[in-house]
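Each remark here refers to the structure printed beneath this line.
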Amino acid sequence: MANVSVAAEWQLLYNRYYRKPELYPLRWKNIDLSRNKVACAPFGGPIAVIRDDSKIVQLYSESALRKLRIFTSSGVLISDTVWKNPGGRLIGMSWTEDQTLICIVQDGTVYRYNIHAELIEPNVTLGKECFEQNVVECIFWGNGVVCLTEGGLLFCIPDFKVMRPCQLAETGAEDLPNCMAVIEPKYTVSGNVEVLVGVGDGILIVDEDGVQRVDGEAVQGPVQKMVVSWDGKYLAIFTHDGRILVTDINFKGVLLEYNCESALPPEQLAWCGLDSVLLYWDDTPLLMVGPRGDPVHYFYDEPLLLIPECDGVRILSNTSLEFLQRVPDSTVSIFKIGSTSPAALLYDALDHFDRRSAKADENLRLIQSSLPEAVEACIDAAGHEFDVSRQRTLLRAASYGQAFCSTFQRDRIQEMCKTLRVLNAVRDPEIGIPLSINQYKLLTPSVLIARLINAHRHLLALRISEYVGMNQEVVIMHWACSKITASLAIPDATLLEILLDKLKLCRGISYAAVAAHADKNGRRKLAAMLVEHEPRSSKQVPLLLSIGEEDTALMKATESGDSDLVYLVLFHIWQKRPPLEFFGMIQARPLPRDLFISYARCYKHEFLKDFFLSTGQLQEVAFLLWKESWELGKNPMASKGSPLHGPRIKLIDKAQHLFAETKEHTFESKAAEEHAKLLRIQHELEVSTKQAIFVDSSISDTIRTCIVLGNHRAAMKVKTEFKVSEKRWYWLKVFALATIRDWEALEKFSKEKRPPIGKLSTFLFNYRVQDR
């Protein structure tokens, strides 16, 4: 009897059964589809409703106030807003893949709304031509739209995530197209949008690069309506003489042809999966046509809206939402009247078992060899059911058969139970997402959870993510941010406790991201308290800087020991604070101070000198001055008798005075003084000799060079000024005279008095022998 009651609801189209279960009686009130523009999101998504301004309404009535309302698929109001957008009449409205509502008005302006009816800025325009010519028609697909203007121009937004409009090639037709259809980029060879345009007696394929006319058996006379299948492989065409044709997307042959009773084009033409096509006219039955056999009629006394899905069509009316789909083969094998398949016998065996009948054992013996297939069919049929009691019965039948089947995978039933629990939870009328199992697999659990949290169904999203073993961080993060936005009246301390109670459920969650959202909403104190709980310094420190907590940021960066983080804080404070305040912050912290000094030694000498002066480190300033004088000496101009020697000497003099103020640096003070004196003498020598060969050479080299040049008086002056010892003086003069081979002068010098360097005569003899 159960089989009879189930199968009695089916309709046979050739050799395939179709069913049309009611998903929800709609909870909305006073919604007339014939007087409204309606946009329904696929995958059981929300429904947007707004009064059609081309329809007449009673003045001052409630419906005269034009509102954009968003409902769940069960008719529960999610949000609404007054429509205030200028730009002329609303031409088209559709949902994107991420459930953003796109509204296109007459002047080509694109308005975007989220699921809470909040306008998303900025608005986008399709261009000057659309503004001047007005948009008359819009064809949407998953994540894009093609618009037709009064002048016959086609404009396209290929991806709503980028929102970059482009103009397609001009068709050259004098009249506006009869109809249009879009082949999505993912189904075209070129990877670009292709638009099928019904013009005159044929069809044109239009893209950005050009226009191509279609030749084929299916194109014979004007085309009044077209629609591309869900997978982009087939095209349904309604012709001028009332025929419905189905061809492949390349127009290589007609796969289906049916003569309709009316030659008027249907108001809606939609694919039901990939097996049949639906045609809808006002005041006539809904017509379903398949490849062969007689069509099926469905009778309604109210307006309808067809919502194509990957495995069927949702049928929306004023009072209910139904799902028309092909009956799965597993379900047919169990519930078809008179079925003797193994799955049907297993289902019957469970019924006998419940009634304590021996017939149950008899059925099991009949299907013993096919028991795994029967169990799998029951599991699969349960997955395709919307009725919970029937799901339970089918799974019980599968479990009953599994007990006698040792080769069947034990976790298959558990997986299906898990999937059905998720589906039944979101199908609840309060949630209103009537996903089929095929839609759920195509959508994926992660996208479903994202849609739930966008609809602020955080508790359900959290339970589902936990149940299917997914990371809960995304759900908790979104809840925390939403809670902050909606709790402006709650004190910071109280709200912090509420947030921490939930945030601690997820290990490794980013407190910094929640704190950033709090700061963005003007709750800086709450942000500072939240960021204290962030364990990762790399996320904690930048946020502390953004909310003005530089002292805390520097402390946290220092504690982390990460030099990159410390530098980040240092550069931030350096730009924000006065120098003296900055110096005071780093002076007592060794790591930031040392890193600052290391950086400033290479790039910021003047700033580093200010720091050392502010902290009383005069010797460090002196060393910097001395280093600057040395670097100044490397300047090519300094070797050409330029005035750069003067600044160098002044820098060394300043360094000498600073060294002199500290008792610990007497040696450095004396060295700086002698260095300045030597530079002065060397500069004078270069001026007098007109040779740039003295500056930055040592005292010994200076004496030797003077002797080589024959300037013995200058050499003696350097000796006297820097108190060069007699022994060194003799060695320098001997080597200098030997270098220029002035043997006579060398011999004379050796006889002046006893040399302090030992056997000079032996040295002279060896040197002269080598010279010969």
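How many residues does region 534-547 contain that are charged (D, E, K, R) and in a helix (DSSP H, G or I)?
Within region 534-547, residues that are charged (D, E, K, R) and in a helix (DSSP H, G or I) number 1.
Limited to region 289-309, what total is found for residues that are within 14 Å of GLY44 (Cβ to Cβ) and open to solvent by 30 Å² or more (accessible area, probe 1.4 Å)?
1
Please determine, by comparing only the residues of region 276-285 that are outside any strand (DSSP E or B) and on the phi < 0 side of the Ramachandran plot, which one is surrounded by the fewest Cβ atoms within 10 Å (Cβ to Cβ).
Taking the candidates together, the pick is ASP282.
Return the total of residues in region 709-741 being open to solvent by 60 Å² or more (accessible area, probe 1.4 Å), part of a helix (DSSP H, G or I) and either charged (D, E, K, R) or within 23 Å of LEU679 (Cβ to Cβ) (or both).
So the count comes out to 9.
Among the residues of region 575-593, which ones are open to solvent by 80 Å² or more (accessible area, probe 1.4 Å) and closer than 13 Å to ASP551 by Cβ?
Scanning region 575-593 gives LYS576, GLU581, ALA588.
The conditions are (1) open to solvent by less than 50 Å² (accessible area, probe 1.4 Å); (2) within 21 Å of VAL227 (Cβ to Cβ); (3) in contact (Cβ under 8 Å) with a residue 40 or more places away in the chain, and GLY198 fails exactly one of them. Which is it?
(3)
Which residue pairs have Cβ atoms closer than 6 Å, lie 6 or more positions apart in sequence or on different chains, and pair a first residue in region 469-484 that is more than 14 Å from ILE498 (Cα to Cα) with a second residue that is open to solvent by less than 50 Å² (accessible area, probe 1.4 Å) and among the β-branched types (Val, Ile, Thr)?
Partner pairs satisfying both residue conditions: GLU473/ILE509; VAL475/ILE453; HIS478/ILE453.
Among residues belonging to region 374-400 that are open to solvent by 10 Å² or more (accessible area, probe 1.4 Å) and touching a Lys or Arg at 6+ places or on another chain (Cβ under 8 Å), point out the one that is nearest to ARG314 (Cα to Cα).
Result: PHE386.
Being open to solvent by 30 Å² or more (accessible area, probe 1.4 Å), in a helix (DSSP H, G or I) and either in the same structural domain as LEU346 (by the TED database) or of a type in the set (S, T, N, Q) (or both) narrows it down to one residue among LEU420, LEU452, LEU459, LEU448; which is it?
Unique residue meeting the criteria: LEU459.
Here is a list of conditions, (1) in contact (Cβ under 8 Å) with a residue 60 or more places away in the chain; (2) open to solvent by 50 Å² or more (accessible area, probe 1.4 Å); (3) of a type in the set (Gly, Ala, Ser), and ALA403 meets all of them except one; can you say which number that is?
(1)
Taking region 32-49 as the region of interest, how many residues are open to solvent by 20 Å² or more (accessible area, probe 1.4 Å), of a type outside the set (Asp, Glu) and assigned to a loop (DSSP other than H, G, I, E, B)?
Total meeting the criteria: 2.
I'm checking my understanding of the structure. Among residues of region 70-124 that are in contact with a helix residue (DSSP H, G or I) (Cβ under 7 Å, 6 or more places away or on another chain) and farther than 28 Å from ILE431 by Cα, which one is most open to solvent (accessible area, probe 1.4 Å)?
ASP107
Give me the residue from region 423-445 that is open to solvent by 30 Å² or more (accessible area, probe 1.4 Å) and without any contact (Cβ under 8 Å) to a residue 24 or more places away in the chain and, out of that set, nearest to VAL313 (Cα to Cα).
Looking at residues that are open to solvent by 30 Å² or more (accessible area, probe 1.4 Å) and without any contact (Cβ under 8 Å) to a residue 24 or more places away in the chain, I get LYS441.
Taking the condition of being outside any loop (DSSP other than H, G, I, E, B) and within 11 Å of MET477 (Cα to Cα), how many residues in region 494-533 meet it?
Going through region 494-533 one residue at a time, the tally reaches 9.
Can you tell me how many residues within region 3-31 are more than 30 Å from LEU346 (Cα to Cα), open to solvent by less than 50 Å² (accessible area, probe 1.4 Å) and either in a loop (DSSP other than H, G, I, E, B) or at pLDDT below 95 (or both)?
Summing the residues that are more than 30 Å from LEU346 (Cα to Cα), open to solvent by less than 50 Å² (accessible area, probe 1.4 Å) and either in a loop (DSSP other than H, G, I, E, B) or at pLDDT below 95 (or both) in region 3-31 gives 3.
Write out, first by first residue and then by second, each pair whose Cβ atoms fall under 8 Å of each other, whose residues are 6+ apart or on separate chains, and whose first residue, in region 66-79, is without any contact (Cβ under 8 Å) to a residue 40 or more places away in the chain while the second is surrounded by fewer than 22 Cβ atoms within 10 Å (Cβ to Cβ) and among the hydroxyl-bearing types (Ser, Thr, Tyr).
Correct list of pairs: LYS67/THR81.
Tally up the residues in region 310-343 that are closer than 13 Å to ALA377 by Cα and open to solvent by 10 Å² or more (accessible area, probe 1.4 Å), please.
The qualifying residues number 7.
Could you list all residues from region 384-431 that are in contact with a Gly (Cβ under 9 Å, 6 or more places away or on another chain), under 17 Å from LEU460 (Cα atoms) and polar (S, T, N, Q)?
THR419
Can you tell me which residue within region 229-264, out of those that are within 43 Å of the chain's Cα centre (by Cα) and either polar (S, T, N, Q) or over 28 Å from VAL189 (Cβ atoms) (or both), is surrounded by the fewest Cβ atoms within 10 Å (Cβ to Cβ)?
The residue in question is ASN250.
Go through region 462-488 and give me each residue that's open to solvent by less than 50 Å² (accessible area, probe 1.4 Å), in a helix (DSSP H, G or I) and of a type in the set (Gly, Ala, Ser).
SER465, ALA480, SER482
Return the total of residues in region 551-569 being surrounded by 19 or more Cβ atoms within 10 Å (Cβ to Cβ) and not basic (Lys, Arg).
Residues flagged as surrounded by 19 or more Cβ atoms within 10 Å (Cβ to Cβ) and not basic (Lys, Arg) within region 551-569 amount to 7.
Could you list, in sequence order, all residues of region 13-43 that are in contact with a helix residue (DSSP H, G or I) (Cβ under 7 Å, 6 or more places away or on another chain) and on the phi > 0 side of the Ramachandran plot?
Result: PHE43, single match.
The values are calculated or read from the model by the stated rules, or taken from the named source; none is laboratory data. Computed from a predicted structure; not experimentally measured. Using ideal geometry, Cβ is built from the backbone for each residue, glycine included, and neighbour counts are taken over all protein chains shown. Heavy atoms of the whole protein, side chains included, go into the accessibility calculation; ligands, DNA and RNA do not. Shrake-Rupley method; radii C 1.70, N 1.55, O 1.52, S 1.80 Å.
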